[in-house]
Amino acid sequence: MISFNNTYTTLPEEFYKRQSPADFSQPKLIALNEELAQELGIHGFSQEELTQFFSGQKLFKGSDPIAMAYAGMQFGHPVPQLGDGRALLLGEVNGFDIQLKGSGQTPFSRRGDGRSALGPVLREYIVSEAMHTLGVPTTRALAAIGTGETVLRQFGPEPGGVFTRVASSHIRVGTFQYFAFKKDHENLKVLLDYTLKRHYPNLLSLKDQPERCLALLREFTRRQSDLVAKWSGLGFIHGVMNTDNFALDAITIDYGPCAFMDKFSFHKKFSSIDEQGRYSFWNQVPIAKWNILRLADCLLPLIDSDIDVAINKVEKELEKLFPLFEKKREEIFAQKMALKDQDNSSLVEEFLSLLEKEKLDFTKAFRELPRLYSDESTFFPESKELHDFKENWLQNIDESELEQLYGINPLYTPRNHIIEKVIDLGHEGDFSLFHQVNKVLKNPFEEQSESFGLDEEPAAGEVVKNTYCGT
Ligand code: AMP
Ligand code: MG
């Protein structure tokens with residue numbers, strides 16, 4: 001029998017509020033991630049029990065649900081109190097947080113209803129699992145529930161849902177900011193220790209606190225640079241990289257207005273609220289650095305009582321490490337193009353510029369490269385730029401790596417227009433496409449007899465121009 005742990009509730013009371021999930025009279029289990037449930041040791045329950053657990057109607061043994069407190073910088077502006085307004089941490093299993101999203105109001109709900117619409121539940125389920133399969137550190141999807149109730153959203157009433165998310169933790173840069181904004185240095189230290197124990201245990205051997213903080217910034221930068229490089233290599237746009245959506249374990253978290261790009265553009269953005277393109281594709285690197293600096297701000301008082309000395313120390317560390325972001329992104333693209341040289345940014349940019357100019361599909365273009373090499377591709381329109389690129393590329397290619405490209409550049413990604421179809425059908429109570437899409441995305445590199453359009457660009461009328469936080 002599975003039993004939940006609750007290490008977060010051992011922290012001081014300022015870290016969270018206890019809260020029970022809302023009542024739902026007719027919850028239905030739409031999906032259970034059997035593999036993940038097995039891995040976590042959640043098995044031996046009936047369908048009825050699982051429906052009760054994942055809609056919050058019944059609690060797992062040992063579960064002590066809480067809403068976590070955090071702050072954040074949203075589009076660059078400080079918000080001293082956010083917190084789980086529609087999410088509840090049920091507890092931990094094997095060190096993983098199990099969280100319900102859409103399970104009702106909490107003390108952090110502000111004006112929100114604490115609920116979730118079904119659409120974002122289906123979207124997060126598909127995209128987070130696809131990211132995991134594609135090798136990107138991410139929260140996982142454990143279950144999707146239809147509540148049978150209606151929630152009111154931007155475009156009218158929508159069916160409600162509850163999503164169960166699994167994460168190595170839900171500690172965010174915004175969690176540090178919550179205490180830093182209040183100048184609560186005691187709790188900042190508690191949070192620092194908790195974070196190191198959970199995610200950076202090797203740093204606990206450093207006994208000096210300033211050294212620990214600087215080491216955390218270094219290690220965090222390394223992990224985030226890996227993460228953002230992986231996003232870049234897949235044409236993934238997170239869409240809302242506010243500091244409250246930036247996890248200390250450097251996993252992808254909070255799938256709201258995210259998207260996999262179809263036609264490539266360096267500054268592509270989808271989110272309807274991102275008017276300036278702050279979180280556009282190519283900006284994800286500078287924004288990640290900016291978010292790391294916001295974590296550094298929080299740690300300054302723990303580094304030195306003289307703020308100038310502290311800033312100086314941080315700057316020295318990060319100056320050395322920040323170029324990792326560009327380096328790792330180049331390495332990913334070098335792999336995707338079978339380049340001999342790991343840092344050949346001009347050739348990568350030449351290719352991406354060609355895609356942008358010709359309005360070509362990102363995922364398909366990379367998948368076509370072996371055929372471009374063997375002159376079998378009809379995907380790229382003939383042009384002088386193509387000719388020049390190809391000549392340059394052929395001189396820089398490692399031919400032995402070409403075959404590997406089929407295992408590096410996916411054929412199937414969770415394209416937005418397909419997710420929209422899944423949601424439209426889901427609204428009618430038909431989840432067949434949802435399950436089919438999840439199945440195809442389990443093998444994103446291998447050609448499958450039925451692919452439900454996941455390898456095709458949207459037709460003119462299907463293009464999704466805007467995405468919404470939408471919860
Ligand atoms: P997000 O932009 O989805 O990362 O959420 C930002 C903040 O808004 C977080 O504090 C959420 O808990 C809160 N929030 C989002 N949707 C709701 C909702 N329906 N009810 C209450 N709070 C919400
Ligand atoms: Mg969030």
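The values are calculated or read from the model by the stated rules, or taken from the named source; none is laboratory data. Just so it is clear, the structure is predicted and the values come from calculations on it, not from any experiment. Virtual Cβ from ideal backbone geometry, glycine too; neighbours counted across all protein chains shown.
Determine which member of the set F264, F236, F270, F260 is in contact with an Asp or Glu (Cβ under 9 Å, 6 or more places away or on another chain), in contact (Cβ under 8 Å) with a residue 60 or more places away in the chain, within 20 Å of D361 (Cα to Cα) and more than 16 Å from ligand 2 (Cβ to nearest atom).
Every option except F264 fails the conditions.
Does at least one position in region 46-54 carry a residue that is under 21 Å from Y8 (Cα atoms), out of contact with any Asp or Glu (no Cβ under 7 Å at 6 or more places or on another chain) and either among the β-branched types (V, I, T) or in the same structural domain as E13 (by TED's automatic domain parsing) (or both)?
Yes - at least one qualifying residue is present in region 46-54.
Go through region 381-399 residue by residue and tally those that are in a loop (DSSP other than H, G, I, E, B) and in contact (Cβ under 8 Å) with a residue 24 or more places away in the chain. Explain how you work it out, then say what you get.
Kept after step one, since they are in a loop (DSSP other than H, G, I, E, B), are these residues of region 381-399: 381-383, 398.
With the extra rule that they be in contact (Cβ under 8 Å) with a residue 24 or more places away in the chain, the set shrinks to 383, 398.
Residues meeting the conditions: 2.
Any idea which of E399, E391 is touching a helix residue (DSSP H, G or I) at 6+ places or on another chain (Cβ under 9 Å) and not small (G, A, S)?
Result of the check over E399, E391: E399.
Every residue, every condition in (1) more than 25 Å from G135 (Cβ to Cβ); (2) in contact with a Phe, Trp or Tyr (Cβ under 6 Å, 6 or more places away or on another chain); (3) surrounded by fewer than 18 Cβ atoms within 10 Å (Cβ to Cβ), yes or no:
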residue	(1), (2), (3)
S205	yes, no, yes
E211	yes, no, yes
Q224	no, no, no
W231	no, no, no
N245	no, no, no
A259	no, yes, no
D262	no, no, no
F270	no, no, no
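Just the residues that are within 12 Å of ligand 2 (Cβ to nearest atom) and assigned to a loop (DSSP other than H, G, I, E, B), please, taken from region 244-257.
If the condition is that a residue be within 12 Å of ligand 2 (Cβ to nearest atom) and assigned to a loop (DSSP other than H, G, I, E, B), then F246, I253, D254, Y255, G256, P257 are the ones that fit.
So, in region 441-471, of the ones that are away from ligand 1 (no atom under 16 Å from the Cβ) and of a type in the set (S, T, Y), which residue ends up nearest to E420 (Cα to Cα)?
Result: S451.
Out of all the residues in region 322-331, is one or more in contact with a Lys or Arg (Cβ under 7 Å, 6 or more places away or on another chain) and assigned to a loop (DSSP other than H, G, I, E, B)?
Checked against the condition, which is being in contact with a Lys or Arg (Cβ under 7 Å, 6 or more places away or on another chain) and assigned to a loop (DSSP other than H, G, I, E, B), region 322-331 yields at least one hit.
Does S20 fit the bill of being more than 16 Å from ligand 2 (Cβ to nearest atom), of a type outside the set (A, V, I, L, M) and touching a residue at least 12 places away in the same chain (Cβ under 8 Å)?
Working: more than 16 Å from ligand 2 (Cβ to nearest atom): yes; of a type outside the set (A, V, I, L, M): yes; touching a residue at least 12 places away in the same chain (Cβ under 8 Å): yes.
So S20 passes the test.
Does I303 satisfy being aliphatic (A, V, I, L, M) and within 16 Å of ligand 1 (Cβ to nearest atom)?
The answer is no for I303.
For (1) more than 23 Å from the chain's Cα centre (by Cα); (2) under 24 Å from S232 (Cα atoms); (3) not assigned by TED's automatic domain parsing to the domain that holds F155, each residue gets a yes or a no:
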{"site": "N396", "(1), (2), (3)": "yes, yes, yes"}
{"site": "G407", "(1), (2), (3)": "no, yes, yes"}
{"site": "L411", "(1), (2), (3)": "no, yes, yes"}
{"site": "P414", "(1), (2), (3)": "no, yes, yes"}
{"site": "V422", "(1), (2), (3)": "no, no, yes"}
{"site": "V437", "(1), (2), (3)": "no, yes, yes"}
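Quick one: R278 ticks every box in (1) more than 16 Å from ligand 1 (Cβ to nearest atom); (2) surrounded by fewer than 21 Cβ atoms within 10 Å (Cβ to Cβ); (3) modelled with pLDDT of 95 or more bar one, so which box is it?
Every listed condition holds for R278 apart from (1).
Any chance you could count how many residues in region 1-31 are farther than 19 Å from L82 by Cα and not small (G, A, S)? Don't jump to the end; show me each part of the working.
Let us first name the residues in region 1-31 that are farther than 19 Å from L82 by Cα, namely 1-7, 10, 22-31.
Those still in the list that are not small (G, A, S) too: 1-2, 4-7, 10, 23-24, 26-30.
The total comes to 14.
If a residue has to be surrounded by fewer than 16 Cβ atoms within 10 Å (Cβ to Cβ) and among the hydrophobic types (A, V, I, L, M, F, W, C) to count, how many in region 439-465 make the cut?
Counting residues in region 439-465 that are surrounded by fewer than 16 Cβ atoms within 10 Å (Cβ to Cβ) and among the hydrophobic types (A, V, I, L, M, F, W, C) gives 5.
So T133 clears everything in (1) assigned by TED's automatic domain parsing to the domain that holds Q19; (2) among the β-branched types (V, I, T); (3) within 15 Å of ligand 1 (Cβ to nearest atom) except one condition, right? Which one?
(3)
Within region 132-160, can you find the residues that are under 20 Å from the mean Cα position of the chain (by Cα) and not aliphatic (A, V, I, L, M)?
If the condition is that a residue be under 20 Å from the mean Cα position of the chain (by Cα) and not aliphatic (A, V, I, L, M), then H132, T133, G135, P137, T138, T139, R140 are the ones that fit.
Could you go through region 153-162 and let me know if any residue there is basic (K, R) and surrounded by fewer than 24 Cβ atoms within 10 Å (Cβ to Cβ).
Yes, there is a match, as at least one residue in region 153-162 is basic (K, R) and surrounded by fewer than 24 Cβ atoms within 10 Å (Cβ to Cβ).
Would you check if there is a residue in region 179-189 being within 16 Å of ligand 1 (Cβ to nearest atom) and under 19 Å from V93 (Cα atoms)?
no
Filter region 40-75 down to the residues that are among the small types (G, A, S) and in contact (Cβ under 8 Å) with a residue 12 or more places away in the chain and list them by number.
The answer is G41, G44, S55, G56, G62, S63, A67, A69, A71, G72.
Scan (1) assigned to a helix (DSSP H, G or I); (2) at pLDDT below 95 for the single condition K189 breaks and write down its number.
Among (1) assigned to a helix (DSSP H, G or I); (2) at pLDDT below 95, the lone unmet condition for K189 is (2).
Tally time: how many residues in region 100-116 are buried (at least 17 other Cβ atoms within 10 Å of the Cβ) and either within 11 Å of ligand 1 (Cβ to nearest atom) or part of a loop (DSSP other than H, G, I, E, B) (or both)?
Matching residues across region 100-116 total 11.
Pick from region 224-239 the residues that are within 16 Å of ligand 1 (Cβ to nearest atom) and in contact with a strand residue (DSSP E or B) (Cβ under 6 Å, 6 or more places away or on another chain): which of them is nearest to Y279 (Cα to Cα)?
By that ranking, first place goes to G239.
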